[in-house]
Amino acid sequence: MAIEQKVDKLEEALMRLVYIQQKTEMELQSFKNEMKVFKDEMTDFKNEMRVFKDEMRVFKDEMTDFKNEMRVFKDEMLDFKNEMRVFKDEMKVFKDEMTDFKNEMRVFKDEMLDFKEWSKKNIESLNRQWGNLANRMGTLVEDIFFPSMDQTIERYFHIQCDILERNKRIRKDDESLEIDILAILKKTKQAFIVEVKSNPDRIEYIEGFLKKLDKITQFLPELEEYTRIGIYAGLDMSKETVDLLTKKRIYAMVFKGDFLEIVNFEDLSGVRS
């Protein structure tokens with residue numbers, strides 16, 4: 001009986017040993033599996049770390065290149081700032097020079113205006129003296145108006161006359177007619193009859209010129225088919241005289257500066273058109 005109990009205890013001990021051994025083997029197998037998973041994860045981690053290290057190396061290289069580029073850019077910006085400083089200094093000098101030039105031009109312009117005014121006064125004075133001399137000598141037509149009449153007609157009426165005569169006198173029966181200046185363009189049948197007076201503001205002179213225009217075809221019948229254009233001229237004339245001539249549709253011509261001017265040309269051109 002005692003032997004059987006011992007055998008039973010031994011079998012029970014063996015059974016427990018087998019169970020413990022199987023359990024241990026299972027735990028070892030599980031541990032091996034876990035270790036394998038861990039090892040695989042560590043391998044993946046090491047691979048990821050290798051990739052990360054490679055990326056970091058590339059990033060570091062890129063950062064080095066970037067730093068170098070930034071250093072070059074900084075140097076270039078420094079050079080640019082220095083160049084801009086030089087340019088600003090040059091522009092300041094240029095601005096100062098331009099200011100001086102403008103001041104000099106202003107002074108020059110003022111001097112030219114003074115000179116122009118002085119010249120104008122002297123030319124007008126010379127013209128008056130010349131006109132007075134011509135008045136005294138009775139040569140207004142020859143000295144002042146006739147030499148410039150051809151160019152004046154061309155400037156205002158855009159034609160060149162075929163015939164240009166001065167101091168033309170026509171006799172018919174017991175009467176005579178004197179025309180100071182006669183300019184004719186045969187192609188367009190235009191005739192310019194110019195009366196020159198040393199005192200053009202006298203009303204009787206204007207009335208006499210109007211009568212002359214009315215009867216000119218009696219002495220020059222060939223002008224019957226011509227457009228007859230009257231020009232009343234003097235060294236100078238009042239506004240009242242000019243207004244009267246405009247009303248009578250007669251051009252008013254005066255001597256200004258160094259050329260002849262028809263002072264009511266625009267007014268009469270509108271009326272004649």
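The values are calculated or read from the model by the stated rules, or taken from the named source; none is laboratory data. Predicted, not measured: the structure shown is a model, and the values here were computed from it. Positions of Cβ are generated from backbone atoms using ideal geometry, with glycine treated the same way; all protein chains shown enter the neighbour counts.
Of all residues in segment 211-233, those satisfying the criterion of being in a helix (DSSP H, G or I) and either out of contact with any Leu (no Cβ under 6 Å at 6 or more places or on another chain) or among the aliphatic types (A, V, I, L, M) (or both) are K211, K212, L213, D214, K215, I216, Q218, P221, E222, L223.
Annotation note: of Q21, Q5, the sole residue that is surrounded by 10 or more Cβ atoms within 10 Å (Cβ to Cβ) and out of contact with any helix residue (DSSP H, G or I) (no Cβ under 9 Å at 6 or more places or on another chain) is Q21.
Filter segment 191-203 for residues that are over 20 Å from L260 (Cα atoms) and either at pLDDT 95 or above or of a type in the set (A, V, I, L, M, F, W, C) (or both) and give the result. Scanning segment 191-203 gives a single hit, I203.
Residues are listed down the side, and each one gets a yes or a no for (1) at pLDDT 85 or above; (2) closer than 30 Å to L235 by Cα; (3) surrounded by 10 or more Cβ atoms within 10 Å (Cβ to Cβ):
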site	(1), (2), (3)
V37	no, no, yes
V93	yes, no, yes
E104	no, no, yes
L113	no, yes, yes
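Being of a type in the set (D, E), closer than 14 Å to M149 by Cα, out of contact with any helix residue (DSSP H, G or I) (no Cβ under 7 Å at 6 or more places or on another chain) and outside any loop (DSSP other than H, G, I, E, B) is true for just one of E195, E261. Which residue is that? None of the other options fit; the residue is E261.
Per the listing D61, D75, the residue uniquely surrounded by 10 or more Cβ atoms within 10 Å (Cβ to Cβ), over 45 Å from the mean Cα position of the chain (by Cα) and either at pLDDT below 85 or outside any helix (DSSP H, G or I) (or both) is D61.
Whenever a residue of segment 183-201 is not assigned by TED's automatic domain parsing to the domain that holds L213, it has no partner that is among the polar types (S, T, N, Q) and in a strand (DSSP E or B) lying with C-beta atoms less than 9 angstrom away and at least six residues away or across chains.
With the requirement that a residue be of a type in the set (K, R) and touching a helix residue (DSSP H, G or I) at 6+ places or on another chain (Cβ under 8 Å), what does segment 135-170 give you? The answer is R166, and nothing else.
Is it the case that segment 234-248 has a residue that's assigned by TED's automatic domain parsing to the domain that holds F157, assigned to a helix (DSSP H, G or I) and in contact with a Ser or Thr (Cβ under 9 Å, 6 or more places away or on another chain)?
First pass over segment 234-248, keeping only residues assigned by TED's automatic domain parsing to the domain that holds F157: 234-248.
Next, only the ones that are assigned to a helix (DSSP H, G or I) stay: 239-247.
From what's left, in contact with a Ser or Thr (Cβ under 9 Å, 6 or more places away or on another chain): none.
No, every residue in segment 234-248 fails to be assigned by TED's automatic domain parsing to the domain that holds F157, assigned to a helix (DSSP H, G or I) and in contact with a Ser or Thr (Cβ under 9 Å, 6 or more places away or on another chain).
Within segment 210-221, residues that are without any contact (Cβ under 8 Å) to a residue 12 or more places away in the chain and assigned by TED's automatic domain parsing to the domain that holds E195 reach partners that are assigned to a loop (DSSP other than H, G, I, E, B) and of a type outside the set (V, I, T) with beta carbons closer than 9 Å, at six or more positions or on different chains, in the pairs T217/E224; T217/Y226.
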